[in-house]
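Comments concern the structure below.
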Amino acid sequence: MNSLLHIDLDAVAANVAHFVTIASGEVMAVVKADGFGHGAADVATTALAAGASRLGVTSLDEARVLRDTGVRAPILSWLNPADADFRTARDRDIEVAVPGAEHLLAVAGCTGRSGRPIRVHLQIDTGMARDGATPADWPELCRLAHTLEYAGRIRVVGVMGHLPCAEDPSHPSNASGRSRFTRAVRVCRASGLDPRHLHLAATAATLNDPLSHHTMSRIGAGLVGIGSPALRPGLTLTAPVVSCRSVPAGTPVGYGHTWTTPQPTYLGLIPLGYADGIPFASKGAQVLVRGRRHPVVGRISMDQTIIDLGPEPVPVGATVTVFGGDGPTVAEWAAWAGTLEHEILTGIGPRVLRVIVPARARGELQVAS
Ligand SMILES: *Cc1c(COP(=O)(O)O)cnc(C)c1O
């Protein structure tokens, strides 16, 4: 009797296929944050089999772990401090994004004189004010990159940007971000560089704005079902009812007595709490038990959540669907908790047992290794 996170890799494969169809360029599968909570290596392998050609992660460490599990496809890592050990990139064949001169020199310093140059993607700030060189610093970065490429220290294989407001197709920053990006590519080429991979669009831009596609889309959220009704959710979270108690009207429930039973009822207990990713701040949340929705009542505890089962008792061991399947959606939970679907998906704690529904053995559950 365990709480289970069912990971549907068929859904991931279908979502990848959707993006392969709509994107004008290649699809990079972004598997940061443990594949948005779905298992980085499993999502990576599934995405590559379904038509993605490359992988993206945040840190070099995430990239190294993928290499350790045997992934051979190109991997790009885009967020490392300038003093990161870029020898990992050299030794494990990992591409790195470079937002400025300091980074570029650090990366170049890791290629031995006769070694293979580390492949870099120059990163331009297209409106996030988060990562990437400013348009003012860009020409100098490109000049330096050209010098270092000529010296055999690095090789510029890409230019990347990221759009802050692509979820809103009418937002003016989409057009300004796109033109910043095209100008940056022009400057890069005028510096004598020949970047092959030009990538600006993540999930939302790929769905909403074909002008942003260029040669590649970096798809993260979309792999796991966020962003369009055409996509399939990949996670179902279930838990057993561990107890069911009969209580009279007027019974205060849980820490702080924030809720009191208005009538006699049965209270069910499930062994999941905020340490497992059930957001403490949820208001009005519901779960599915035996085909019916029931409200979460009282405060969510660290490890436990109480649900109001109403006038009929439920046997201990009955399955509660927290989200996914026929139960509430992750989007509903995000709304109840005042957060993003992303935060729900990436927040499921380590004690929840992962089970995989692989493409090759539909219907048979496999425990994740
Ligand atoms: C997370 C991230 C992505 C993926 O974005 P989604 O909206 O999840 O597809 C792409 N690019 C960068 C730089 C990111 O940080």
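The values are calculated or read from the model by the stated rules, or taken from the named source; none is laboratory data. Quick caveat, the model's predicted, so the values are computed rather than measured. FYI the Cβ positions are ideal-geometry reconstructions off the backbone, even for glycines, and counts take in every protein chain you see. Each accessible area value is taken on the protein alone, full model and side chains, heavy atoms only, with ligands, DNA and RNA left out. Shrake-Rupley method; radii C 1.70, N 1.55, O 1.52, S 1.80 Å.
Key figures for this structure:
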item: Strands (runs of 3 or more DSSP E) wholly inside the range 243-306 containing at least 3 residues that are without any contact (Cβ under 8 Å) to a residue 24 or more places away in the chain; result: 292-297
item: Within the range 36-81, considering residues that are at positive phi and part of a helix (DSSP H, G or I), the one nearest to the chain's Cα centre (by Cα); result: Phe36
item: Selected residue (only one of Gly268, Gly273 is closer than 25 Å to Glu341 by Cα and among the small types (Gly, Ala, Ser)); result: Gly273
item: Leu105 vs. criteria in a strand (DSSP E or B) and either open to solvent by 70 Å² or more (accessible area, probe 1.4 Å) or touching a His at 6+ places or on another chain (Cβ under 7 Å) (or both); result: no
item: Hits in the range 298-319 - residues which are of a type in the set (A, V, I, L, M, F, W, C) and surrounded by fewer than 21 Cβ atoms within 10 Å (Cβ to Cβ); result: Met302, Val314, Val316, Ala318
item: Residue that is most open to solvent (accessible area, probe 1.4 Å) [pool: residues in the range 273-292 that are among the basic types (Lys, Arg) and over 19 Å from Val253 (Cα atoms)]; result: Arg290
item: Matching entry among Ala84, Ala33 (being more than 14 Å from the ligand (Cβ to nearest atom), open to solvent by 20 Å² or more (accessible area, probe 1.4 Å) and either in contact (Cβ under 8 Å) with a residue 40 or more places away in the chain or in a loop (DSSP other than H, G, I, E, B) (or both)); result: Ala84
item: Some residue of the range 191-207 being surrounded by fewer than 21 Cβ atoms within 10 Å (Cβ to Cβ) and either part of a helix (DSSP H, G or I) or of a type in the set (Asp, Glu) (or both); result: yes
item: Positions within the range 117-142 being in contact (Cβ under 8 Å) with a residue 12 or more places away in the chain, more than 16 Å from the ligand (Cβ to nearest atom), open to solvent by 10 Å² or more (accessible area, probe 1.4 Å) and not in a strand (DSSP E or B), in sequence order; result: Pro117, Pro135, Asp137, Pro139, Glu140
item: Qualifying residue in the range 41-52 (condition: in contact (Cβ under 8 Å) with a residue 60 or more places away in the chain, open to solvent by 40 Å² or more (accessible area, probe 1.4 Å) and of a type in the set (Ser, Thr, Tyr)); result: no
item: Filter pass, Ala239 being more than 11 Å from the ligand (Cβ to nearest atom), aliphatic (A, V, I, L, M) and free of Cβ contacts under 8 Å to residues at least 24 places away in the same chain; result: no
item: Every residue from the range 143-168 that is part of a strand (DSSP E or B), open to solvent by less than 10 Å² (accessible area, probe 1.4 Å) and either among the hydroxyl-bearing types (Ser, Thr, Tyr) or away from the ligand (no atom under 16 Å from the Cβ) (or both); result: Ile154, Val156
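Each row is one residue, and each column tells you yes or no for (1) of a type in the set (Ser, Thr, Tyr); (2) touching a Gly at 6+ places or on another chain (Cβ under 6 Å); (3) under 30 Å from Ala49 (Cβ atoms).
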| site | (1), (2), (3) |
| --- | --- |
| Leu66 | no, no, yes |
| Ala73 | no, no, yes |
| Asp83 | no, no, no |
| Glu95 | no, no, yes |
| Leu105 | no, no, no |
| Ile118 | no, no, yes |
| Met128 | no, no, no |
| Ala133 | no, yes, no |
